[in-house]
Structures are given as structure tokens and as C-alpha cells.
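Q: Submitted below is the structure of interest, expressed as C-alpha cells.
Just so it is clear, none of the values below were taken in a lab; they were calculated from the coordinates. Computed from a predicted model, the values in this text were never measured in an experiment. Because the Cβ atoms are built from the backbone with ideal geometry, glycine has one as well, and the counts that use them run over all protein chains shown.
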């Protein structure tokens, strides 16, 4: 590993002392804590963490201070902040309820009876999705608490995880079999991923769906085109910190992105700790302000590599004349199977560098492809372990 200068930097208000490194795992709050389940964040960067094996919600401030924010809510699960600034918390019991908690911590019942609610999620119009565990139903509630069935069936199997992409397409994850679906405005279900084992919760951030592998002790990253890779975790049980693919988790469960999307917070259910994965958005870097003359893909370096390599590419204004085509870089194995999506976003003309980590891959020849509009270039690289 190259040497880096020690710095102090801020991730959406959370002060971290450490080394600037892409996708690094740290323990932000060690266990056993007062939470173990769903996480949500308000506009000030405060995290609200549920204690499913209990009846409390913990508030975690941007400087890492914890306090009991609300109590008396049996089996609180995946909460969300409403447009009124209140925290809405599902109580996942047979005769379930949705509670509403004021900014000062006053608790009241919002919905008195609803079957097995697990996660609530607000749309921009103020209506609230409610996933119902074990009934394979997604409800939609209005501001008065009146609710009705929105979706049922469609491959849902104990739906727990809920999130939305930038276009407010609903994304649903099955707790039991790990399948993740995207639902468009017409109500059409499309399967995005099939995550191994049990999925705890999901979070959308900057073009990707992140999911917690509750039974595999891994964190997964899925593009909206359906390409899934391992973001963090070896699969072993533990609390080891360090680079993302050497770190360990203990039943990772709740997940929430920082306000800027550059980090993820994870609650480990068994350890009752809060983990931090930093460097989520540092994979692509603009390395020069000099505008290039054309569309160029450089050879990765080092090559062969083990397990991390860097790839530079250049995009000119001519390649982006209509400003509508995203720049996409993908990695394929020797059989032509897409195994990773490194870039999928609109970029300004410039010179860029992206990092690829093959820590979870076998030795061999791989190909990386850069494309935008009618332009496409492919090169090969070799992973030697």
C-alpha cells in the first residue's frame, strides 16, 4: 500500500481521525450499545438507531454522542423522518403500530393497527410506504394515517428493506431470500439482484443500492443495471477494521448513507456496534483540469496487479456534446460476464482515475470497458495473487 498523509476530515459532520483511504471500515461506536437494528438520518446528520430486541430508539449526534431518544416502542424497526420533522417508527409485532416521535422525544401512536410493519419510507409527496413482514405486502399511508394495500405478491418474500432511487422508483429487498426489486411508477417489478442469504436492510446512494448481508457478514453493492459486487466483508464473523475487503462484520443489519453519500453507517446486530465504511465516492477522481483532445482509455497500473489497480481515462467535450450520455466503465471476466461497474454517471470533460479492487476475485485475465454514447474502448488486465 502507498503511504498517505494523516489528516482530519469530516464525513457529513462526523469528525474522523485517520488516513484518507477509499472504502475503509472503522468501528464508530463499539458494542454492546443500546441499538441493533434499523438506521435513519435527519438533515442535521443525526442518526436514529432502533433496538429491535427492546423498545428504544437511540439518537447518535454527528460528534458520536449517544442518548435514548424514544422509549416504549416494542420491537422498533426501520424508521424514517417525515416531512413534519417527526420520526416515524414501525413496531413490528402481530398487532403492529406506527409510532410518531416529536423532535423533543414525545411518543404518540400514528397508526394503531397494521400487520407486521417493518420499514417506513416517505415519498416526496408526503405519503408513506410501509413494508409488512411475512405478509408480502407494501402499504401506502397518507398524512392522516389511513392506509391501503399498494403492492402484494410480485416475488416479494418477507419484504423488509425499502429505499428509493433518484427518480423515486421504489426498491424492495426480501429479508428471507435476498432478492431485490425495483418498482417503476406503473407498478412494474424488475428484479435487480439476488443477494446470498438473508438481507437486513438496503440504502440507495449515488446510483447504487447497498444491502447488508445479515447471514453472510458482507455488504453488497448493486448498480441500477443489476450488477452486484461485494463492497465489504470477508464473510467471517468479527469486528475487524481496515480495508473493506479484509474487514469483518457480525450480522450487519441497519444501513444509512451519510448526507453526501461518501460513507455508509452499518449496525451490527449481534455485536450491537456501529460501523463506518468511508470512501464510498472516492473511487473516481478528476486528476487534471486540462481538457483532453479526445476519448481515451489508458492501460491500468500496476499491471499485473494484486489486488488493487488504477485506471485512467479521458473524456473530451466532443464526446459529451449532447450532455445526455453517462460515462460507464465496467469490468468483465474472460467469459464475458460483467462482474463490476466502476463508473456510471455523467461527467464533465476532463481526465479521471478510478480504482479497481479485485480482492474477491481469482487470478486471471479480466477486461475493462469504457463507453459513452457512440464511443467505446476496451483493454485487458491481469490479476496475479
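Q: In nm, give the distance between the simple-model label positions of residue 293 and residue 367, each being 7 Å from the Cα along the Cα-to-Cβ direction.
A: Between residue 293 and residue 367, the simple spin-label model gives 2.8 nm.
Q: Divide the volume of the convex hull of the Cα atoms of the range 200-285 by its number of residues and quote the answer in cubic angstrom per residue.
A: On the way: hull volume 7.3 nm³, N = 86.
Here the figure is 84 Å³ per residue.
Q: Would you kindly state how much longer the chain becomes between residue 108 and residue 333 on full extension, computed as 0.36 nm times their sequence separation minus their alpha carbon distance, in nm to one decimal?
A: Working: separation 225, 0.36 × 225 = 81.00 nm, distance 5.40 nm.
Gain in length upon complete extension: 75.6 nm.
Q: To the nearest µm²/s, what D does Stokes-Einstein give for the chain at 4 °C and 1.567 mPa s, using the Kirkwood radius over alpha carbon pairs as Rh?
A: This corresponds to a translational diffusion coefficient of 60 µm²/s.
Q: Rank the residues 275, 51, 100, 123 as a footprinting-exposure proxy: fewest other Cβ atoms within 10 Å of their Cβ go first.
A: 123, 100, 51, 275
Q: Mind jotting down the three principal axis lengths of the range 284-383 based on Cα atoms? Whole angstrom, largest first.
A: In descending order, the Cα extents are 39, 24, 17 Å.
Q: Please build a GNM for the chain, connecting alpha carbons under 10 Å apart, and tell me which residue among 278, 79, 185 fluctuates the most.
A: Of 278, 79, 185, the most mobile in the Gaussian network model is 185.
Q: Follow-up. Go ahead and set up a Gaussian network model of the chain, Cα springs under 10 Å, then flag whichever of 204, 28, 88 fluctuates most.
A: So, out of 204, 28, 88, the one fluctuating most is 28.
Q: Between residue 348 and residue 303, what FRET efficiency follows from the Cβ-Cβ distance if R0 is 22 Å, with the result rounded to 0.05?
A: 0.20
Q: Along the principal axes of its C-alpha atoms, what lengths does the range 178-244 span, in descending order and rounded to whole Å?
A: Extents along the principal axes, in whole Å: 44, 23, 16.
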